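Please read the structure below before turning to the comments.
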Amino acid sequence: MKKLFTTIIPFIAFLCCAKAQTKVFREVSDAISTEFKTITQNGALIGYLSFTELERASKDSFNYTITIMDENLNDLGVVKFKELKLDLQSVSFVNDTLCLAYMKSNVLGYDWKSRAERKEALDKGYVAVFAQFISLDGKIAHTFEKKLNTDVQAAWEKIKDGKIGNALIEHPLQMQNVDQKGFCVFYGDKDHVTLLVLTTQAELLWEKYVLERGGQYYMLTSGRDVYLLLRNQTDPMFNNYTVISYNTDTKTGILKYQLQDFERNRLRVVAFDNDPATGKPFISGYIHHTMGINKYQTYKGIEQHMYQGMFTININGHEKSAVKRLFNYWTENVEAGGPGSDFLETTNGFLNEVTAFRDYHGNTYLTGYNTMRMSKWGSVVLIKQDPAKKTAVSHLFAQTRLEAITDNMPYVNRFYSVVSPDTKSTYLIINDKSNTFIYSLDKGKVMRTISRRDGNNRLHIFPAKEGHLMIAEYNKKDKSTTLSIESI
């Protein structure tokens, strides 16, 4: 049992002897909404949290409830408070402290009785980054707030469902824990692209303005280092990626590394995460075939000649010599006699809705939806790159097609991976309109098929205790969310 749960038990209002395996949250009115987050530390899941916005407490503030749950969905503690409009963005945990990062506003998400009242509110309106630091006695021990420079009027015009969202700031809020130190917060407004390092007492340790320009930024923490992946789109077909890193102890930049292969071909990044086995950052995705693209005029011709291989970059240290690059090209080291060479020769590995991930054995996977209709390779193709630089291809639904994810299901991701640190197991979650499939990479088969009672229900899979997964299903008709811990 993680320290979070062994220490937090004293503030439980009462201890339920039976271990809860199912919990139902109901929204009794349109003014009440609940969302769920995993509690993570160093990328590993250590608990669950529900955040509920209740009715108005006053003209300006709302009532909120935070429920913290253990691995069996037992309530460990409930925190109630009043605050301005909040939109929860991220949750993390370190050093006996739970941090919740929000977007906060005194104007976005509010209703007004008259146009004059609305104009007055917008004139005085603001948006801020807001963080709560919850101690293990179940109290909000500290808070941190920093106002942002953004167009509040434009953000109000774009708001949906009463949610602040990213409030039209230049780069959305991101937050992760920094090992044994605190939390790193990233955002970009009209003034700066900013990194903040906060202690568990909400003290500002370091404020860094990021000078390197990027169209998009993706933040990742590993140990006490912070990494940013910068993406710049140089033309309609290509992106340039650069990774930079900072050491939060020395408060200095360490690494600046442009992503390309040995022939200076550009790369398409699909995954930027910590390796589940080593905890070190890795980047993986496709190798662009720049010459091939220039030879084809149709979209179909381009997509089937867009990539010439896949790559993995392991960042094992601060020096450039510690950056290890592995490039696999479709024309070499493909599993002999297998179906892989046939698929790669025909499609050049092109997949839609592609995702990438790693397992505990150093293998990297690209998986996605095969776009070729009536294809002998089926709907889902899995391309594997092993540490010995060999490529293998698997067809998970040979001779079959997945049902389309419809336009009214925008919250459903076609593919994502879930890892179980206890068993060192990796699962691929595959969604279509009617079913969710749980595929075990280690056993090479579908372990479970979960049918949706209603195709419009949200269904998401989270990691859970050993040999289990947590299934969260939102029923739009009943306005309820059911969480259940189920055996694989």
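The values are calculated or read from the model by the stated rules, or taken from the named source; none is laboratory data. These numbers were taken from a predicted model, which means no experiment stands behind them. Backbone-built Cβ (ideal geometry, glycine too); neighbour counts: all protein chains shown.
Against the definition (touching a Phe, Trp or Tyr at 6+ places or on another chain (Cβ under 9 Å) and surrounded by 19 or more Cβ atoms within 10 Å (Cβ to Cβ)), how does residue 193 come out, yes or no? Spelling it out, residue 193 is indeed touching a Phe, Trp or Tyr at 6+ places or on another chain (Cβ under 9 Å) and surrounded by 19 or more Cβ atoms within 10 Å (Cβ to Cβ). Would you say residue 92 is hydroxyl-bearing (Ser, Thr, Tyr), crowded, with 18+ Cβ neighbours inside 10 Å and assigned by TED's automatic domain parsing to the domain that holds residue 162? The answer is yes for residue 92. Selection within region 204-245: residues that are farther than 30 Å from residue 306 by Cα and of a type in the set (Val, Ile, Thr). The member of this set that is surrounded by the most Cβ atoms within 10 Å (Cβ to Cβ) is 221.
The set of residues in region 106-120 being in contact with a Phe, Trp or Tyr (Cβ under 7 Å, 6 or more places away or on another chain) and either assigned to a strand (DSSP E or B) or over 19 Å from residue 165 (Cα atoms) (or both) consists of 118 alone. Of all the listed residues (162, 109), the sole one being crowded, with 20+ Cβ neighbours inside 10 Å, closer than 30 Å to residue 482 by Cβ and at pLDDT below 90 is 109. Evaluating residue 58 against the criteria (1) of a type in the set (Ser, Thr, Tyr); (2) part of a loop (DSSP other than H, G, I, E, B); (3) buried (at least 18 other Cβ atoms within 10 Å of the Cβ) leaves one unmet condition, (3). Here is a check on your reading of the model: is residue 174 assigned by TED's automatic domain parsing to the domain that holds residue 39, under 23 Å from residue 259 (Cα atoms) and not aliphatic (A, V, I, L, M)? Here the answer is yes, as residue 174 does meet what is asked. The set of residues in region 352-380 being part of a loop (DSSP other than H, G, I, E, B) and modelled with pLDDT under 85 consists of 370, 371, 372, 373, 374, 375, 376, 377, 378, 379. Taken as a whole, region 144-157 holds no residue that is at pLDDT below 90 and assigned to a loop (DSSP other than H, G, I, E, B).
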